[in-house]
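The numbers here are math on the coordinates, done by the rules we state, and not lab data. If you're wondering where the values come from, they're calculated on a predicted model, not measured in any experiment. Backbone-built Cβ (ideal geometry, glycine too); neighbour counts: all protein chains shown.
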Amino acid sequence: MKYAIVESGGKQYRAVEGGTIEVDLLHIETGKNIKLEDVLLVANGDDISVGTPTVKGASIKATVVEHFKGEKTINFHYSPKKRIREKTGHRQSYTRLAIEKIEAK
């Protein structure tokens, strides 16, 4: 199985050919192609290439499938003797990418 570890938005994701990954919001239209070049590791069976910090000549071709929001998280701040109760919520925006091809030289 061929897979790669790629960095996007300061986070690392495991990308498998033919699979999908969910990354932080990328401002690219749905259906457009994207090339991710911050590849940290490429593995093809027992052949593993580890970058220092990135693998030279390696890239990942992906297509933007959709933009969506994650689950809502509730933040509640409470101070018992001051009558302070603050309730806020947050929904993070994500982009789903379909991995088409992992290129490594």
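The single condition from (1) farther than 15 Å from residue 19 by Cα; (2) assigned to a strand (DSSP E or B); (3) basic (Lys, Arg) that residue 105 fails is (2). When residues in segment 9-30 are screened for being under 19 Å from residue 91 (Cα atoms) and either in contact with a strand residue (DSSP E or B) (Cβ under 6 Å, 6 or more places away or on another chain) or not in a loop (DSSP other than H, G, I, E, B) (or both), 8 of them pass.
Which of the residues belonging to segment 35-60 are surrounded by fewer than 16 Cβ atoms within 10 Å (Cβ to Cβ) and part of a strand (DSSP E or B)? 35, 44, 47, 48, 50, listed by residue number. When 70, 89 are screened for being surrounded by 10 or more Cβ atoms within 10 Å (Cβ to Cβ) and either hydroxyl-bearing (Ser, Thr, Tyr) or over 20 Å from residue 29 (Cβ atoms) (or both), only 70 passes.
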